[in-house]
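What follows is a set of notes on a single structure, which appears directly below.
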Amino acid sequence: MVFIAVGTPSRRGDGHADLSYVYGASKEIAEAVQGFTVVVTKSTVPVGTGDEVERIIRETNPAADVAVVSNPEFLREGAAISDFKRPDRIVVGIEDERAREVMNDVYRPLFLNAAPMLFTARRTSELIKYAANAFLAMKITFINEVADLCEMVGANVQDVARGIGLDNRIGAKFLHAGPGYGGSCFPKDTLALVKTAQDFGTPIRLVETTVAVNDQRKRAMARKVINACGGNVRGETIAVLGLTFKPNTDDMREAPSLSIIQALQDAGADVRAYDPEGMENARKLLDNVHYGRSPYDVAEGASALVIVTEWDAFRALDFDRIKQAMKQPIVVDLRNVYRREEMARHGFRYLTIGRPQEEILP
Ligand code: UGA
């Protein structure tokens, strides 16, 4: 049995996945296999890749006796081991019945946790992975747009999320409104699904719109900060807390912080930023940012402090100390970490995502 897990294929300029590594691995496997071998693709690959892997193996070594299987992973960065041990489901796409028993054996140690094992056709399994990520991205985008509406009508998006999430048909997860989704998976996989669907003449408009709305949202968050500062940040210092696309990772890929900081710089602001893990990677992607040693360090002289990523380290900040360091006490919390009353007590103007916007001034 052999696993192909070459990481998530990157995107070529035309939006399609670059499968050269997957195909390269297939050739190497073809040259090495002896006896019946199950070849399992773990990487997120477009529909039909399993067919191509099988074709390459047979072409390279006509004597190879292989069953090519799709077994997508649904692990989250930073929670991969627990997600692996307690999966909601295990999806296995097979075309050769002999692979079923082998795959059942592979996952037997997890049966104690009663994870449902779903066997499907190979192309179906490949599509399940994209459909799952696209659906989650759509769910986040939905609540983000509802959050914008909440701000206009004076409703609270966290209560709306709870109110709809308690309905089992909807589910409570992935309903945290924020600055837009990022990372190496959702942006890439939504775009790949859009391209595949267009290629086959069956566009998935909901996902097309999700991609567009999410892209615009990231930059729009900068506008929120600028408005909080009275419409002009030229020459002002803005403190940014959190750079990675989510907490507990140093991953900066497609992080909302990138678009937000660039838009703030375009508007003439000086940006000071702090992140517990992401600063080394951020340095490669962002110019002219002053990286601080702590939240208190970056707050020095700032006209607004923006929480972009909800690291635990930002959940219990000493706001008296922050207020003393800042030029004016404005906090824009893009992850809804704090309670308005608490921030008002400390004398801050506090702006959030999708919560009633009446600002309690000190
Ligand atoms: C995602 C999926 O959750 C995994 O199931 C999948 O296996 C993985 O992609 C993949 O394809 O490899 P990941 O990218 O690690 O995992 O991160 P998530 O925890 O899903 O978060 C993605 C983005 O959505 C982050 O920017 C996060 O801040 C944002 N998000 C998430 C929200 O804005 N609101 C939420 O309620 C949840």
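Residues are listed down the side, and each one gets a yes or a no for (1) touching a strand residue (DSSP E or B) at 6+ places or on another chain (Cβ under 8 Å); (2) in the same structural domain as Val68 (by TED's automatic domain parsing); (3) closer than 18 Å to Ile353 by Cα:
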{"residue": "Pro116", "(1), (2), (3)": "yes, yes, no"}
{"residue": "Met138", "(1), (2), (3)": "no, no, yes"}
{"residue": "Cys150", "(1), (2), (3)": "no, no, yes"}
{"residue": "Gly154", "(1), (2), (3)": "no, no, yes"}
{"residue": "Gly163", "(1), (2), (3)": "no, no, yes"}
{"residue": "Ile170", "(1), (2), (3)": "no, no, no"}
{"residue": "Ser184", "(1), (2), (3)": "no, no, no"}
{"residue": "Thr190", "(1), (2), (3)": "no, no, no"}
{"residue": "Gln198", "(1), (2), (3)": "no, no, no"}
- [ ] Would you mention how many residues in the stretch 252-300 are of a type in the set (Gly, Ala, Ser) and under 21 Å from Asn232 (Cβ atoms)?
- [x] 7
TODO: Select from the stretch 132-169 the residues that are surrounded by 15 or more Cβ atoms within 10 Å (Cβ to Cβ) and of a type in the set (Gly, Ala, Ser) and list them in ascending order.
DONE: Ala132, Ala134, Ala137, Ala147, Ala155, Ala161, Gly165
Task: Ile90 closer than 20 Å to Val22 by Cβ and in contact (Cβ under 8 Å) with a residue 12 or more places away in the chain - done: no
TODO: Scan the stretch 112-127 and give yes if some residue there is among the hydrophobic types (A, V, I, L, M, F, W, C), within 14 Å of the ligand (Cβ to nearest atom) and surrounded by 17 or more Cβ atoms within 10 Å (Cβ to Cβ), otherwise no.
DONE: yes
Task: Number of positions in the stretch 173-205 that are of a type in the set (D, E, K, R) and crowded, with 23+ Cβ neighbours inside 10 Å - done: 1
Task: Some residue of the stretch 304-326 being more than 16 Å from the ligand (Cβ to nearest atom) and hydroxyl-bearing (Ser, Thr, Tyr) - done: no
Open item on the list: Condition first: closer than 24 Å to Val225 by Cα and near the ligand (Cβ under 8 Å from one of its atoms). Now tell me which residues in the stretch 145-193 satisfy that.
Closed with: Leu175, His176, Ala177, Gly178, Pro179, Gly180, Tyr181, Gly182, Gly183
Open item on the list: For the condition assigned to a loop (DSSP other than H, G, I, E, B), more than 21 Å from the chain's Cα centre (by Cα) and of a type in the set (Lys, Arg), what is the one hit in Arg321, Arg272, Arg335, Arg355?
Closed with: Arg355
Task: Odd one out for Ala220 among (1) away from the ligand (no atom under 16 Å from the Cβ); (2) without any contact (Cβ under 8 Å) to a residue 24 or more places away in the chain - done: (1)
- [ ] Answer yes if at least one residue in the stretch 57-67 is of a type outside the set (Phe, Trp, Tyr), surrounded by 17 or more Cβ atoms within 10 Å (Cβ to Cβ), in contact with a Lys or Arg (Cβ under 9 Å, 6 or more places away or on another chain) and part of a loop (DSSP other than H, G, I, E, B), and no otherwise.
- [x] yes
Open item on the list: I need the full set of residues from the stretch 67-91 which are within 13 Å of the ligand (Cβ to nearest atom), under 17 Å from Val39 (Cα atoms) and of a type in the set (A, V, I, L, M), in order please.
Closed with: Ile90, Val91
Task: Options Thr209, Thr237, Thr249; residue that is of a type in the set (S, T, N, Q), more than 16 Å from the ligand (Cβ to nearest atom) and surrounded by 15 or more Cβ atoms within 10 Å (Cβ to Cβ) - done: Thr237
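The values are calculated or read from the model by the stated rules, or taken from the named source; none is laboratory data. These numbers were taken from a predicted model, which means no experiment stands behind them. For neighbour counting, all protein chains shown are included, and Cβ atoms are generated from backbone atoms with ideal geometry for every residue, glycine included.
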